[in-house]
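One structure is given here, and the rest of the page talks about it.
Read-outs: derived from the displayed coordinates by stated rules, not from any lab. These numbers come from a predicted model, not from an experiment. Here Cβ is always computed from backbone atoms with ideal geometry, including for glycine, and neighbour counts include all displayed protein chains.
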Amino acid sequence: MTATPTAKPWFVYLVRAENGALYCGISDDPARRFEQHRSGKGARFFHSSPAQALVYVEACDDKSAALRRERAIKALPKGAKERLVAAATMVETDSPLSV
């Protein structure tokens, strides 16, 4: 019996720009993609206001799921996106592993 390979995880992420705007994207490596945004090799979105922080990362089962979630997040009003960021920050802060 051969094992079926598991799909590579993909992520949807939010990056805060210098002007406070939030950029939503997908990647199989959000940290690497954030560094591309910071170095000017990412999305044109950051040409007018540089990327400042990777503020939200959500794991998805595969690229298709990440694309669907990205579309859903992009459709949210900014306040709802800010609540995603705040909730993720609270989870990190409340973690027993945080120092």
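Expressed in Å, the radius of gyration and Dmax of the Cα atoms of the range 10-94 are 12.2, 35. 3J(HN,Hα) along the range 54-69: 7, 10, 7, 9, 10, 6, 10, 5, 7, 5, 4, 5, 5, 5, 5, 5 Hz, from the Karplus curve 6.51 cos²θ - 1.76 cosθ + 1.60 with θ = phi - 60°, whole Hz, x for Gly and Pro.
A cut-off of 5 Å between modelled amide H atoms, ignoring neighbours fewer than 5 places along the same chain, links residue 52 with 16, 17, 18. Straight-line cross-link partners of residue 74 among the lysines, defined as a Cα under 21 Å from its Cα and at least 8 positions apart when in the same chain: 63. Within the range 38-85, the trypsin sites (Lys or Arg not before Pro) that combine a DSSP coil assignment with at most 12 other C-beta atoms in a 10 angstrom radius are 41.
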